[in-house]
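Structure first, commentary second.
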């Protein structure tokens with residue numbers, strides 16, 4: 001796929017992008033959550 | 001003329017770093033400011049500082065070069081760096097570290113662990129481990145930067161080392177963590193721009209993503225090309241994983257991917273950054289920047305390192321490691337050969353930024369280990385801890401510079417070895433206790449100390465006696481056997497099994513066994529209540 005060679009390399013290429021996207025989505029969803037509480 | 005431009009660009013860059021260090025100094029009034037930035041650092045600054053501290057010259061040049069030799073399989077480290085090093089670290093470690101650290105008024109990672117388990121021993125011993133072993137990692141990064149200055153400006157290596165140490169010392173000693181984090185954010189931004197440009201250049205030169213990867217895959221199936229490969233046995237091409245349990249697989253999977261990928265969770269200089277923000281909201285906002293930053297740093301370095309083989313082969317019929325004359329020289333040689341002189345100059349500054357942002361945090365961590373953990377300040381004179389920290393930074397710099405002179409003479413490829421040594425040691429010694437501190441209200445002080453000491457001891461013993469990379473340098477087995485053997489066991493798998501894979505399980509098992517024996521010796525309930533006040537509550 002896409003000349004990537006082994007499936008494991010294609011998979012990790014996708015996983016790298018997906019995990020960075022997960023970070024972005026998590027940040028957007030929780031953008032205003034978790035402000036100072038007692039604190 | 002080109003040299004004049006290089007010097008002008010570097011002076012402008014150092015001027016900005018110097019100004020940010022001065023800004024940090026102006027805003028540092030107390031020990032809490034010096035160590036934690038008053039716990040009010042902006043989320044973008046915190047995220048870029050975390051990323052720029054995490055990613056050093058050794059990640060771009062050292063591990064990028066490794067990708068030139070071992071191939072795209074190193075991308076599994078990028079995945080672990082993003083998933084464990086950012087996503088899991090911020091959400092499951094960062095939030096509790098921030099909250100518990102604040103509840104206990106901890107200023108450093110050793111102080112956090114020491115106060116959480118009511119143990120001066122933990123705080124002092126963790127401080128000593130940082131102060132004794134972190135200079136190896138710092139020296140590794142410093143060697144990388146000095147080599148770049150040597151190659152880029154024609155400076156003498158020893159002179160480059162001294163100049164670099166003095167510049168970093170100035171803004172760490174005076175600017176404290178504010179100076180460090182402001183300049184980290186600036187340097188991290190430079191690194192982002194540079195790495196994106198590098199990726200675009202490579203894919204453009206190779207005709208796009210699919211053709212580039214296809215060309216590399218084809219090279220891995222060409223027997224004439226494979227004859228040039230000097231990678232350890234088990235290499236199957238640049239776009240496939242090595243053969244299971246071959247020497248190549250042991251190095252790639254246990255030392256590089258797992259050793260560094262897991263060790264990152266218990267890095268003192270990274271964990272302390274969670275305590276520099278005022279609420280979980282800042283951590284939530286830092287996660288996107290951190291994730292994208294790591295993807296564009298290590299992901300690009302590894303892809304470019306691997307794809308450089310295609311460009312070198314098309315140009316001269318040689319693979320990257322052969323054309324460059326060594327793994328550590330692949331990325332610098334690639335830049336000199338395939339990018340324009342102005343880009344090489346810009347990238348020289350970017351690599352300086354990558355090294356400087358990591359080294360400054362290491363110096364700061366070592367300094368506070370002295371001023372806050374090894375020499376515990378009295379409550380009557382909190383200002384003294386800042387003075388001792390600054391003296392600690394100074395001592396750390398002297399030790400590091402001496403190591404940076406010595407290491408290249410005893411270790412070939414010292415950068416990657418010394419980096420892996422510290423990451424693995426931290427993972428083995430700190431990780432079980434750190435997880436227990438964050439998630440277990442019942443973990444006893446004795447269990448925490450036992451796991452900590454056994455993880456540290458097992459890691460050191462494995463390095464000195466079994467792991468070929470370090471054992472051959474320490475030379476203890478060689479001295480005893482009269483040079484007949486370098487390690488206690490001659491088995492290839494044992495010799496290449498990273499210390500983390502032995503020491504971390506031992507640390508976990510010892511912690512659990514001692515916990516079962518001492519479960520009645522609970523920590524005082526008021527300490528547990530104080531530590532976990534507000535933990536897990538949402539707003």
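Laboratory data are not the source of any read-out in this text; all were calculated from the coordinates shown. All of these numbers come straight from a predicted model, not from anything done at the bench. Note: ideal-geometry Cβ built from the backbone for every residue, glycine included; neighbour counts use all protein chains shown.
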- Task: Apply 1/(1 + (r/R0)^6) to the Cβ-Cβ distance of residue A:33 and residue B:118, taking R0 = 56 Å, and write down the FRET efficiency to the nearest 0.05.
- Result: 0.95
- Note on the structure: Expected integer from the mean partner chain Cβ neighbour count at 10 Å over B:478-490 is 0
- Message: What are the equivalent ellipsoid semi-axes of the stretch B:169-303, built from the alpha-carbon gyration tensor (square roots of five times its eigenvalues), in whole angstrom, biggest first?
- Response: 37, 20, 14
- MRE, 222 nm, helices only [DSSP H, n ≥ 4, -39500 (n - 2.57), over the protein assembly as shown, to nearest 500]: -22500 deg cm²/dmol
- Message: Compute the distance from the alpha-carbon center of the stretch B:19-88 to that of the stretch B:309-327, in whole Å.
- Response: 31
- Kindly state, to the nearest 0.05, the FRET efficiency for residue B:92 paired with residue B:218, given R0 = 45 Å and r defined as their beta-carbon distance. 0.60
- Please work out the Cα center distance from the stretch B:468-539 to the stretch B:268-291, rounded to the nearest Å. 27
- Item | Ordering of A:8-16, B:423-431, A:22-30 by packing [mean C-beta count within 10 Å, highest first] | B:423-431, A:8-16, A:22-30
- Message: Translational diffusion coefficient of the stretch B:175-220 at 37 °C, 0.692 mPa s, Stokes-Einstein with Kirkwood Rh over Cα pairs, in µm²/s as a whole number.
- Response: 255
- Item | Cα centroid of the stretch B:139-168 to Cα centroid of the stretch B:244-266, whole Å | 29
- Message: Can you give me the angle between helix B:499-517 and the longest principal axis of chain B, using Cα atoms only, in degrees from 0 to 90, rounded to the nearest 10?
- Response: 20
- If one compares the long axis through the Cα atoms of helix B:157-205 with the longest principal axis of the Cα atoms of chain B, the angle in degrees, nearest 10, works out at 40
- Message: If you take each beta carbon of peptide B:91-101 and count the beta carbons of other chains within 10 angstrom, what is the mean?
- Response: 1
- Angle, helix B:209-220 long axis vs. longest principal axis of chain B, Cα atoms, 0 to 90°, nearest 10? 80
- Rg/Rh (Cα only; Kirkwood hydrodynamic radius) as it applies to chain B: 0.97
- Mind checking the full-extension length gain between residue B:481 and residue B:340? Use 0.36 nm per residue of separation minus the Cα-Cα distance, one decimal, nm. 45.5 nm
- the stretch B:247-373: Cα Rg divided by the 2.2 N^0.38 Å rule of thumb: 1.34
- Item | Compactness of the protein assembly as shown - radius of gyration and Dmax, Cα, Å | 23.1, 74
